[in-house]
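One structure below.
The values are calculated or read from the model by the stated rules, or taken from the named source; none is laboratory data. Given the structure is predicted, the values throughout are model-derived calculations rather than measurements. As a convention, Cβ positions derive from the backbone with ideal geometry for all residues, glycine included, and neighbour counts pool all protein chains shown.
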Amino acid sequence: MIKKLEDFESLAEKFRAIGHPVRVKILNLLCTCGDSRLKVKTIYEKLDIDQPSISRHLNIMRKSGVLQRIQEGSNTFYCLCTDDSHVDCIKKCFI
């Protein structure tokens with residue numbers, strides 16, 4: 001149970017960050033793909049949405065703490081933040 005105001009604010013920020021149909025699709029893909037992380041290219045190809053739009057949505061979710069960006073050379077991967085109980089709760093909605 002959430003008791004502190006900061007926790008409510010953090011949770012509300014995460015809900016705002018996923019409050020768009022494209023972002024819900026991204027979350028669904030990340031939660032159900034069977035891999036812990038996906039390349040940006042894989043995300044926009046699977047969702048059939050242009051790369052700049054996907055990057056903008058990924059950045060919004062990253063800034064709110066829903067997603068984590070991993071850079072390996074020229075490849076950029078995204079995965080769910082695993083150290084946040086709110087994100088864990090959101091993930092359970094998709095699996």
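With Ile60, Ile54, Ile49 as the choices, which residue is farther than 20 Å from Cys89 by Cα and in contact with a helix residue (DSSP H, G or I) (Cβ under 6 Å, 6 or more places away or on another chain)?
Unique residue meeting the criteria: Ile54.
If you take the residues of segment 75-95 that are outside any loop (DSSP other than H, G, I, E, B) and among the β-branched types (Val, Ile, Thr), which of them is farthest from Leu11 (Cα to Cα)?
Thr76
I need the full set of residues from segment 21-35 which are β-branched (Val, Ile, Thr), modelled with pLDDT of 95 or more and more than 10 Å from the chain's Cα centre (by Cα), in order please.
Selection gives Val22 alone.
When His86 is evaluated against the numbered criteria (1) out of contact with any Lys or Arg (no Cβ under 8 Å at 6 or more places or on another chain); (2) modelled with pLDDT under 95, which criterion, by number, is the only one it fails?
(1)
Quick check, is Leu38 modelled with pLDDT under 95 and not hydroxyl-bearing (Ser, Thr, Tyr)?
When the stated conditions are applied, Leu38 does not pass them.
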